[in-house]
Amino acid sequence: MKDVPDISSDLQLAAAKGREIIAALQRLVGEVEQAQSDAARLVAAGKIREVAQTFQLAQKHYQAALQHDPGSLEAKARLAILYTKQRRRPTALKTALEVAQQNAKFKFSDITGRPRSVQTVLGDAHRESGNAEDAKTAYAAALKLQSGDDYAAFRLAQLHLGSGDIAAAQNLAKKMGEHPEFAELHAALRLVKAGSGPGLRGTIADLASKFAAAV
């Protein structure tokens, strides 16, 4: 009889993610109903559509927000994020660059309220386009803008690990925090840190290959 795998940690991670999504949606519903501008309400509505993965409706809301307020950098940043999710790489990069040109230090919060900036968005667009070095530069700039941008730290650590720069990846571990989404990368970095002997080089090569493919 096969051993039954322990799924307790997976269930805990799923429950934590569910609570995070519920809290985010409750806050966004409040913004849809009570935000003081039509543009802000439309941006909140777009985020709800993103969570539901109805991306065409999300795009419609963000574009409508820009019609109400052409200066809404958050609406434009969300469009860049949306295009990245849809793998519309050239459009995502073009849109992210437009936001960065308007304000290279623009900061906002993601759907769950965690800190983000246009540089984070730009990093994602470069990463999806296969421009690893440009992505590293953007994520590093994001961390200079907001040291609490744990997602930028996570993606930058992934890129460093993917290129074999273990020390740089390990230096970012503390900035990543302990968010459930980062658990696998934290485990990989701990494995490398604890490793020794002739097998370590192979372990590092395997992890580098895995995370290079992941990004």
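When the Cα positions of Y139, L191, S37 are compared along the charge dipole of the chain, Y139 comes out farthest toward the positive end, with charges on each C-beta of Lys, Arg, Asp and Glu. Mind checking the angle between helix 55-68 and the chain's longest principal axis? C-alpha axes, 0 to 90 degrees, to the nearest 10. For 55-68 against the chain, the angle is about 50 degrees.
With the cut-off at under 17 Å, measuring from each backbone N in the stretch 51-91 to a point 7 Å along the Cα-to-Cβ line of N103 picks out 65-81.
Once the Cα-Cα distance is subtracted from the 0.36 nm per residue extended length, the A183 to V51 segment shows a gain of 45.4 nm.
For the chain, the longest principal axis of the alpha carbon atoms and the long axis of helix 150-162 meet at an angle near 40°. Springs between Cα atoms under 10 Å define the GNM used for the chain, and in it the highest mean-square fluctuation of R78, R127, R114 occurs at R114. Taking the C-alpha atoms only, the angle from helix 132-145 to the longest principal axis of the chain is near 70 degrees. Take every Cα-Cα pair in the stretch 14-77 and report what % of them are more than 17 Å apart. The answer is 40 percent, as a whole percent. Placing +1 on the Cβ of every Lys and Arg and -1 on the Cβ of every Asp and Glu, with nothing else charged, gives the chain a dipole about its Cα centre of roughly 280 debye.
Place the peptides 7-14, 88-95 in order of packing, highest mean first, counting for every residue the other Cβ atoms within 10 Å and averaging per peptide.
Numbers: 7-14: 10.6, 88-95: 17.9.
Ranked by mean Cβ neighbours within 10 Å, highest first: 88-95, 7-14.
About its Cα centre, the dipole of the stretch 104-162 is roughly 200 debye, where the only charges are +1 on Lys and Arg Cβ and -1 on Asp and Glu Cβ. Computed from the Cα positions only, the extents of the chain along the three principal axes stand at 62, 43, 27 Å, in decreasing order.
What is the gain in length, in nm to one decimal, between R87 and D3 on full extension, counting 0.36 nm per residue of separation less the C-alpha to C-alpha distance? Write down the numbers at each step before the final one.
On the way: separation 84, 0.36 × 84 = 30.24 nm, distance 3.91 nm.
That pair, R87 and D3, stretches by 26.3 nm at full extension.
All of the numbers you see were taken from the coordinates with simple rules; none came from a lab. In this text the structure is predicted, and so the values were computed from the model without any measurement. Because the Cβ atoms are built from the backbone with ideal geometry, glycine has one as well, and the counts that use them run over all protein chains shown.
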